[in-house]
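The values are calculated or read from the model by the stated rules, or taken from the named source; none is laboratory data. The structure presented is a predicted model; accordingly, all values stated were derived computationally and were not measured. With ideal geometry, Cβ positions are generated from the backbone for all residues, glycine too; neighbour counts draw on all protein chains shown. Remember, those area values only see protein heavy atoms, side chains included, never the ligands or the DNA or RNA. Shrake-Rupley method; radii C 1.70, N 1.55, O 1.52, S 1.80 Å.
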Amino acid sequence: MGTGNLAETLGRAWAGAGHTLSVTGRDPQRVTQAVDRIGRAANAVDPADFAAQVDVVVVAVAWDGLTAALTLIGADAGRLAGKTVIDCTNAIDFATGALKPTSGSAAELVARTAVDAHVVKALHLFAGASWPYEGPQDAAPVVAICGDDPSALERTTTLIRDLGARTAVVGGLTAARQLEEAAGFVMRVVAAGHNPRSAVPDVDPALLRAAPAAS
Ligand SMILES: NC(=O)c1ccc[n+]([C@@H]2O[C@H](COP(=O)([O-])OP(=O)(O)OC[C@H]3O[C@@H](n4cnc5c(N)ncnc54)[C@H](OP(=O)(O)O)[C@@H]3O)[C@@H](O)[C@H]2O)c1
């Protein structure tokens, strides 16, 4: 769902991994242009027909259009019920990293709007241009994800593996706000002139596990 930068870059990466893509959006001309840029694995689909044609929905629209986009594909009428819905949106001012005022997380808004869908927060932190990752596996990006449905988390993990990355499941959907704030943190560090890679501690979980418990 979406025809912008993220939809296109993810679409191209998944097409390269052998997936077939259905692309939809509010503007048929933009949908056709996105499909042309993604290539032969992508099909332009009318929003009304979209839900019936897909197993997994990737929500890649501007935060301001999130509810409208979900309504366009019938999410509020239960048309995504039982499907995995991956929410990639950021409710963030990109220039400053400031979070836009929301009640709860964007992913929880998606879950409230998309009746009975299995929502996973994922892929909001890395630029779309990061995919596919083709470097050494031990340096592959770790995509933190969260959600309440185990099969939806599993499907998302498979799709992220197809981008060349690994996943860390950090909790249920209530963890989404924290994941979304992490994107704001990253942008604030960038806005302050630093690489966010240098702004988080280097913690080896194996060493933490091996450390004796404090008495
Ligand atoms: N770009 C990235 O690298 C990246 C990475 C991680 C997360 N994200 C997040 O992914 C989302 C999309 O980012 P983007 O860079 O792809 O943005 P973008 O290039 O500006 O595209 C925005 C998309 O949202 C659609 N949209 C806006 N308002 C809408 C509405 N009312 N109803 C239906 N569709 C609407 C636009 O449709 P029209 O074309 O018809 O205007 C377009 O398809 C954002 O939430 C962003 O924070 C982006």
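For region 139-185, what is the Kirkwood hydrodynamic radius in Å, using each pair of distinct C-alpha atoms?
Values: mean 1/r = 0.0908 Å⁻¹.
Hydrodynamic radius (Kirkwood, Cα only) of region 139-185 equals 11.0 Å.
Relative contact order of the chain, please, whole-number percent, based on alpha carbon pairs below 8 angstrom and at least 6 residues apart. It would help to have the intermediate numbers written out before the result.
Values: 379 pairs, mean separation 37.6, N = 215.
Reported as a whole number, the value is 17 percent.
Springs between alpha-carbon pairs under 10 angstrom, Gaussian network model over the chain: which of A106, A95, A42 fluctuates most?
Maximum fluctuation in the GNM of the chain, among the listed residues, is at A95.
How much accessible area per residue does the chain have, in Å², with a 1.4 Å probe? Numbers along the way, then the final one.
Values: 11230 Å² over 215 residues.
Accessible area per residue, the chain: 52 Å².
Of the options G65, T9, A192, report the single residue whose Cα projects farthest towards the positive end of the charge dipole of the chain (beta-carbon charges: Lys, Arg +1; Asp, Glu -1).
A192
222 nm [θ] for the chain, helices only, -39500 (n - 2.57) per DSSP H run of 4+, per residue, to 500?
Calculated mean residue ellipticity at 222 nm is -10500 deg cm²/dmol.
How long are the three semi-axes of the equivalent ellipsoid for region 55-199, computed from the Cα gyration tensor as the root of 5 times each eigenvalue, in whole Å, largest first?
For region 55-199, the semi-axes come out at 24, 20, 12 Å.
Ordering K121, K100 by how much accessible area each has at a 1.4 Å probe, largest first, what is the list?
Numbers: K121 0, K100 65 Å².
So, going from the largest accessible area down, we get K100, K121.
Give me the distance in nm between label points sitting 7 Å out from Cα along the Cα-to-Cβ direction at K100 and W63, one decimal.
Rounded to a tenth, the inter-label distance reads 0.6 nm.
How much of the pair distance distribution for region 14-98 lies past 15 Å, counting alpha-carbon pairs only, in percent? The partial results should precede the final answer.
Working: 2206 of 3570 pairs.
Here the tail beyond 15 Å accounts for 62 percent of pairs.
To the nearest 10 square angstrom, what accessible area does D148 show with a 1.4 Å probe?
Estimated to the nearest 10 Å², D148 gives 110 Å².
Of E181, E8, E154, E134, which has the most accessible area with a 1.4 Å probe, and how do the rest follow in descending order?
E134, E154, E181, E8
Determine how large the accessible area of R112 is when every protein chain is in place; take a 1.4 Å probe and give Å² rounded to the nearest 10.
In the full protein context, R112 sits at about 140 Å².
Report S103's accessible area, 1.4 Å probe, all protein chains in place, as a number in Å² to the nearest 10.
90 Å²
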